[in-house]
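Notes follow the structure.
The values are calculated or read from the model by the stated rules, or taken from the named source; none is laboratory data. Just so you know, these numbers come straight off a predicted model, no measurement behind them. Cβ placement follows ideal geometry from the backbone for every residue including glycine, while neighbour counts extend to all protein chains displayed.
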Ligand SMILES: O=P(O)(O)OC[C@@H](O)[C@@H](O)c1c[nH]c2ccccc12
């Protein structure tokens, strides 16, 4: 922890930038990453857009806003202090283990049930939104783990929701569903009660991915590495220490949802994934037992589901409908 606990320790990408004189965006682009960073959180957005043009898609817009938000976070609570608090937080729960054992027990993919109020693609999913009630209903009805959206601006989530669910007596391991671009966010998530965190390959260059994975490991957290296409899958499979890969059926750049994406990527990379003992999570656009069976046959051990549960009157009972049977704890 000591080595990482330096306030002046910079993100790995910045380090590489100094070493070879390349900009962050050059490094990212050379890895096929289309999302650019502005890296100037103290400059008004207007000026940034004059230089870089408007954000090219919704994911890039989210990330540009996130850069401002993270800078505010640093100012509000210095990293050094946050690291201390993370060291004193109650221990993590085993997110990966909970998925593996639920899959064995039920014979259907383990459920990561998502506490999600809204999304940029679908708008508000549930008007009367009580995150704790939803989380408790999910747990009672056999969810192995829960995912809590924390992004406020685009998903109407919050870290307060994460903290509330953690303090409500819910025992399931919790995934912090965030757009992580800086290690500050990982420590922050841990302090607020997260056991796992999402890292998105479409956003993070390899060095950041490796660095953040190492921080997660030190904190006892599981990293869910999200990929959407072939190139991202190939990059991620080259990184050591990856345990859990999520295949998002939805493009965060275009919002197009296609469950055959999971099948296609697993047909190509399933053997490598099995050899490495990696678990795969099928993410997004799953609505009924046929959808679940389809991604299970493709090779996933877990599914991440938000909309089709949260939209129903009783999100807990919706779980049996999604799987075609009750899930056991
Ligand atoms: O609501 P859905 O279609 O069941 O999807 C859930 C989850 O996969 C989705 O919320 C998600 C997957 N990856 C993300 C990254 C950021 C924000 C949200 C997401």
Report task. Quick one: count up the residues across the range 271-283 that are closer than 16 Å to residue 224 by Cα and more than 15 Å from the ligand (Cβ to nearest atom). Result -> 5
Report task. Report, by residue number, each residue of the range 109-124 that is buried (at least 19 other Cβ atoms within 10 Å of the Cβ) and within 9 Å of the ligand (Cβ to nearest atom). Result -> 112, 114, 116, 119
**Report entry** Residue among 220, 270 that is surrounded by fewer than 21 Cβ atoms within 10 Å (Cβ to Cβ), at positive phi and assigned by TED's automatic domain parsing to the domain that holds residue 317
**Finding:** 220
Requested in this report: State whether the residues of the range 186-194 include one that is within 13 Å of the ligand (Cβ to nearest atom), under 30 Å from residue 22 (Cβ atoms), modelled with pLDDT of 95 or more and crowded, with 24+ Cβ neighbours inside 10 Å.
Outcome: no
Query - Only listed residue being assigned to a loop (DSSP other than H, G, I, E, B), surrounded by 19 or more Cβ atoms within 10 Å (Cβ to Cβ) and at pLDDT 95 or above, chosen from 165, 180 - result: 180
Query raised in the report: Just to be sure, is residue 322 part of a helix (DSSP H, G or I), within 16 Å of the ligand (Cβ to nearest atom) and either in contact with a strand residue (DSSP E or B) (Cβ under 8 Å, 6 or more places away or on another chain) or in the same structural domain as residue 173 (by TED's automatic domain parsing) (or both)?
Result: yes
Query raised in the report: Of everything in the range 195-213 that's more than 16 Å from the ligand (Cβ to nearest atom) and modelled with pLDDT of 95 or more, which residue is nearest to residue 33 (Cα to Cα)?
Result: 205
Query - Residues within the range 151-169 that are free of Cβ contacts under 8 Å to residues at least 40 places away in the same chain and either touching a strand residue (DSSP E or B) at 6+ places or on another chain (Cβ under 7 Å) or within 13 Å of the ligand (Cβ to nearest atom) (or both), tallied - result: 5
Requested in this report: Could you figure out which of (1) surrounded by fewer than 19 Cβ atoms within 10 Å (Cβ to Cβ); (2) within 16 Å of the ligand (Cβ to nearest atom) isn't true of residue 104?
Outcome: (2)
Query raised in the report: Looking at the range 217-270, which of its residues are over 30 Å from residue 88 (Cβ atoms), in a loop (DSSP other than H, G, I, E, B) and away from the ligand (no atom under 16 Å from the Cβ)?
Result: 238
Report summary line: If we keep only residues of the range 203-217 that are surrounded by fewer than 22 Cβ atoms within 10 Å (Cβ to Cβ) and out of contact with any strand residue (DSSP E or B) (no Cβ under 7 Å at 6 or more places or on another chain), then the residue nearest to residue 96 (Cα to Cα) is 217
Requested in this report: Provide a single number: the residues in the range 249-276 that are without any contact (Cβ under 8 Å) to a residue 24 or more places away in the chain and under 21 Å from the mean Cα position of the chain (by Cα).
Outcome: 3
Query raised in the report: So which of 227, 242, 236 is in contact with a strand residue (DSSP E or B) (Cβ under 8 Å, 6 or more places away or on another chain) and either at pLDDT below 95 or closer than 20 Å to residue 61 by Cα (or both)?
Result: 227
Report summary line: Of the residues in the range 295-314 that are surrounded by 23 or more Cβ atoms within 10 Å (Cβ to Cβ) and part of a loop (DSSP other than H, G, I, E, B), the one that is nearest to the ligand (Cβ to nearest atom) is 306
Report task. Please give the helices (runs of 4 or more DSSP H) falling wholly within the range 21-101 in which 1 or more residues are within 22 Å of the chain's Cα centre (by Cα) and not assigned by TED's automatic domain parsing to the domain that holds residue 182. Result -> 24-30, 58-76, 79-88
